[in-house]
Structures are given as structure tokens and as C-alpha cells.
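Beneath this line is the structure, given in C-alpha cells, with notes to follow.
The values are calculated or read from the model by the stated rules, or taken from the named source; none is laboratory data. What you see is a predicted model, and the numbers here were worked out from it, not measured in a lab. Neighbour counts are summed over all protein chains in view; Cβ atoms, including those assigned to glycine, are modelled from backbone coordinates with ideal geometry.
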Amino acid sequence: MAGGWASDGAVQEQIDSSIEDAIQRARSQLPTGESLSHCEACAAAIPQARREAVKGVRLCVACQSELDKQQKAASGYNRRGSKDSQLR
């Protein structure tokens, strides 16, 4: 049940939109093209098994893990703009 000016499906629409945005963002970050033999960040050799498993891989496991940590820290946002989310 919606309150105020919101329609009955507004909350679910907001959730669906957030999920669709996250999926689109994740897909846009997938590597493409031919895998590199050496990490473009630290020049360490990328194992053959990783190059075959992840097509278009450009980073070694250590550098990819660090990049993932940085992206995770900056990725969250709240469409609802609640007071709690604004205080963080």
C-alpha cells in the first residue's frame, strides 16, 4: 500500500529500477576482447587458467581484488534518500 502521492507499485518499481541499474553497471564493467598475458597495472604474469576462464582479463587476481574493493566502497547509493543514508 502506497502512502502520500506514491502509486501502489512505487516501492517495488524503485527496487526493480535499483536492481536493473546495478545489473547494467556490472555488465558494462565486464572485460572484452583478448586477454592480456601480463597485468596492465603491475606487469605480473596472468596465469593461463585465468586468461581462459575470464575472457578479456586485463588484471592479475591481486590487482582485480583491489579494484573490486575500491568499487564496492564507492558503489552504494540509496534512491529513497532516507535520513539514515544521508548521515553516512
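Applying the selection to the stretch 38-64, what residues are of a type in the set (S, T, N, Q) and exposed (fewer than 11 other Cβ atoms within 10 Å of the Cβ)?
Selection gives 48 alone.
Is the stretch 4-11 home to any residue that is among the acidic types (Asp, Glu) and modelled with pLDDT under 90?
yes
Could you please find all residues in the stretch 41-59 being outside any loop (DSSP other than H, G, I, E, B) and of a type in the set (Gly, Ala, Ser)?
45, 49, 53
Residues in the stretch 43-66: is at least one under 29 Å from residue 13 (Cα atoms), modelled with pLDDT of 85 or more, charged (D, E, K, R) and under 16 Å from the mean Cα position of the chain (by Cα)?
no
Any idea which residue in the stretch 3-37 is surrounded by the fewest Cβ atoms within 10 Å (Cβ to Cβ), counting only those that are part of a helix (DSSP H, G or I) and among the charged types (D, E, K, R)?
Restricting to residues being part of a helix (DSSP H, G or I) and among the charged types (D, E, K, R), the top hit is 27.
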